[in-house]
Amino acid sequence: MRERIEDALRAAIRDGRLAEGARLPPTRTLARDLSVARGTVLAAYTQLATEGWIRGTRGAATTVARVAADPDQGDPGATDPPPPRHDLRPGRPDPSAFPRAEWVRALRRALAEAPHEALNYGSAQGSAVLRTELAAYLRRARGLRVRAADLVVTTGFTQSLTLVAHALAARDAGAVAFEEPSLEPHRAIVRAAGLAVVTAPVDAHGIRVDELPPAALAVLTPNRQHPLGVTLAPERRAQLLERSRTDGMLVLEDDYDGEFRYDGRPIAALQSLEPSVVIYAGTAAKALAPGLRLGWLAVPDALRADVVAAKELLDRQTGVLDQLAFAELLRSGGYDRHIRKMRLRYRRRRDVLLTALGARFPDLEVAGTAAGLNLLLRLPDAASEERALAAAHARGVALQGLAEGAYYEGEPEYGLIVGYAATQEHAYAAAVEALVGALGNAGVESTRPSARISIPS
Ligand SMILES: Cc1ncc(COP(=O)(O)O)c(C=O)c1O
């Protein structure tokens with residue numbers, strides 16, 4: 001009875017039938033009306049007063065307290081936005097290719113074998129089991145010079161950059177240099193940490209090291225510049241590391257899609273040349289799934305304690321079940337097998353796209369085709385980019401404009417960044433067809449190759 005009285009009064013107050021200040025009947029009266037013991041009503045009033053719904057249960061009249069009214073409608077629930085009809089957004093892998101069965105197997109085994117203590121609060125640096133497997137993988141697959149003790153497990157590059165920026169901000173470091181163009185959210189992270197952003201242009205050999213302003217850190221994508229697709233040339237790598245040695249500038253190597261090179265041999269990470277000045281960052285976002293939220297950093301000794309302290313401050317540690325499952329996927333060879341499979345799939349998709357574009361638009365300048373999950377179609381001006389985006393939009397094709405994407409701090413260049421990995425396999429041919437149709441509608445065949453630098457693929 002007591003609970004029913006409480007529920008009825010709560011409901012009446014919530015939906016406004018009992019307004020703020022309204023007097024409730026005295027306990028004796030209500031008890032008589034309801035044929036219950038007065039103590040029952042008193043107990044209900046006391047509970048409601050404790051929760052803040054009503055005021056003054058003893059002596060004075062009992063009145064309704066101030067309570068926010070319910071919104072008119074009930075909770076309609078939440079729905080995720082549907083994916084685009086033709087998903088050619090850059091930087092996204094095929095979500096249907098996630099190795100679900102392998103992951104479940106790895107998770108089951110990890111759970112069976114992990115000691116109870118593994119589920120406790122653990123090291124902010126990351127699970128030792130994962131760091132051991134990851135170090136072996138990075139030495140083998142990306143040529144890193146790294147030990148498990150150098151690694152910090154994060155929730156992806158976004159967090160890796162946040163941690164490094166916080167560690168530098170705590171030291172009152174100077175500016176952070178980015179490639180021009182680069183991802184705007186990454187520059188925003190650095191600014192949010194209170195650091196200034198400077199940039200240097202990118203040409204056919206990668207970032208112009210001679211134009212790098214003074215900086216405490218340079219954030220680079222050496223394996224494949226995002227979004228232009230050029231690889232940092234050997235002379236530039238040497239020049240950059242020389243600059244690091246003389247100026248004390250650190251380099252953050254964003255190896256976001258280092259596993260995916262289709263033409264020629266894989267290029268070892270920059271970190272392998274100078275592990276004392278290069279912070280290496282990897283992510284599972286391209287090889288497995290962006291939604292997994294797993295990444296890693298190899299941090300030079302001088303900065304590691306500060307990066308781990310930032311991680312501890314930010315979110316204590318990365319979820320341990322994902323860490324252990326990923327460790328098992330690395331140990332079993334499942335990760336290598338998955339990458340080999342996806343490399344073949346994405347290379348095939350790239351070839352299909354290049355063939356379709358070449359047949360219809362022989363004059364179109366296509367860049368950044370040797371690696372990664374996207375390529376760049378250069379366009380001569382803002383109007384042609386806007387036309388192409390509008391035509392793509394009209395056909396349900398989602399992709400990214402180079403100027404539209406705010407990759408440039410200064411004057412932008414123009415083009416379309418086309419991600420050929422994001423669609424599911426069965427939908428790919430239709431997506432390419434829709435893109436070619438949209439480009440035709442936009443009159444792209446009449447554009448000449450850009451007069452700007454030409455980027456080898
Ligand atoms: C250049 C670049 N770096 C890093 C990432 C990955 O970020 P995260 O690991 O936070 O998903 C992306 C994803 O789109 C990217 O394009």
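The values are calculated or read from the model by the stated rules, or taken from the named source; none is laboratory data. On a predicted model such as this, the values are computed, not experimentally measured, just so you know. Cβ atoms come from the backbone with ideal geometry, glycine included; neighbour counts cover every protein chain shown. Just the protein is used for accessible areas: all its heavy atoms, side chains included, with ligands, DNA and RNA removed. Shrake-Rupley method; radii C 1.70, N 1.55, O 1.52, S 1.80 Å.
Structure summary
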quantity: Residue satisfying all of: in segment 153-167; open to solvent by less than 10 Å² (accessible area, probe 1.4 Å), in contact with a strand residue (DSSP E or B) (Cβ under 9 Å, 6 or more places away or on another chain) and of a type outside the set (Val, Ile, Thr); farthest from the ligand (Cβ to nearest atom) among these; calculated: 165
quantity: Positions within segment 11-43 being buried (at least 16 other Cβ atoms within 10 Å of the Cβ), at pLDDT 95 or above and over 18 Å from residue 60 (Cα atoms), in sequence order; calculated: 36, 40
quantity: Which listed residue is under 30 Å from residue 325 (Cα atoms) and hydroxyl-bearing (Ser, Thr, Tyr), from 63, 50, 79; calculated: 79
quantity: Residue check for residue 150: of a type in the set (D, E, K, R), open to solvent by less than 30 Å² (accessible area, probe 1.4 Å) and more than 16 Å from the ligand (Cβ to nearest atom); calculated: yes
quantity: Hey, residue 317 more than 11 Å from the ligand (Cβ to nearest atom) and open to solvent by less than 10 Å² (accessible area, probe 1.4 Å) or not; calculated: no
quantity: Any hit, segment 233-249, residues being within 16 Å of the ligand (Cβ to nearest atom) and more than 23 Å from residue 89 (Cβ to Cβ); calculated: no
quantity: Candidate set from segment 255-290 (those that are out of contact with any helix residue (DSSP H, G or I) (no Cβ under 8 Å at 6 or more places or on another chain) and within 13 Å of the ligand (Cβ to nearest atom)); member that is farthest from residue 324 (Cα to Cα); calculated: 257
quantity: Residue ranges of helices (runs of 4 or more DSSP H) in segment 295-360 with at least 1 members under 21 Å from the mean Cα position of the chain (by Cα) and without any contact (Cβ under 8 Å) to a residue 60 or more places away in the chain; calculated: 320-332
quantity: Enumeration of residues in segment 268-291 that are outside any loop (DSSP other than H, G, I, E, B) and either open to solvent by 30 Å² or more (accessible area, probe 1.4 Å) or in contact with a Cys (Cβ under 7 Å, 6 or more places away or on another chain) (or both); calculated: 290, 291
quantity: Residue under evaluation residue 188, criteria (1) within 11 Å of the ligand (Cβ to nearest atom); (2) surrounded by fewer than 21 Cβ atoms within 10 Å (Cβ to Cβ), criterion not met; calculated: (1)
quantity: Filtered residue count, segment 16-47, keeping only those that are among the aliphatic types (A, V, I, L, M), touching a helix residue (DSSP H, G or I) at 6+ places or on another chain (Cβ under 6 Å) and within 14 Å of residue 4 (Cα to Cα); calculated: 6
quantity: Some residue of segment 218-230 being within 11 Å of the ligand (Cβ to nearest atom), modelled with pLDDT of 95 or more and touching a His at 6+ places or on another chain (Cβ under 7 Å); calculated: yes
quantity: Given (1) surrounded by fewer than 14 Cβ atoms within 10 Å (Cβ to Cβ); (2) within 16 Å of the ligand (Cβ to nearest atom), index of the condition residue 79 fails; calculated: (2)
quantity: Output for segment 95-109, where each listed residue is out of contact with any Phe, Trp or Tyr (no Cβ under 8 Å at 6 or more places or on another chain) and either outside any loop (DSSP other than H, G, I, E, B) or crowded, with 20+ Cβ neighbours inside 10 Å (or both); calculated: 95, 96, 97, 100, 101, 102, 103, 104, 105, 107, 108, 109
quantity: Of residues in segment 295-304 being within 14 Å of residue 130 (Cβ to Cβ) and buried (at least 24 other Cβ atoms within 10 Å of the Cβ), the one farthest from the ligand (Cβ to nearest atom); calculated: 298
quantity: Cβ pairs under 7 Å, 6+ apart, first in segment 400-424 and in contact (Cβ under 8 Å) with a residue 12 or more places away in the chain, second of a type in the set (Asp, Glu) and in a strand (DSSP E or B); calculated: 408/180; 409/180; 410/180; 422/87; 423/87
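Conditions (1) touching a helix residue (DSSP H, G or I) at 6+ places or on another chain (Cβ under 6 Å); (2) open to solvent by 30 Å² or more (accessible area, probe 1.4 Å); (3) more than 12 Å from residue 392 (Cβ to Cβ), marked per residue:
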site	(1), (2), (3)
409	no, yes, yes
417	no, no, no
423	yes, no, yes
429	no, yes, yes
437	no, no, no
441	yes, yes, no
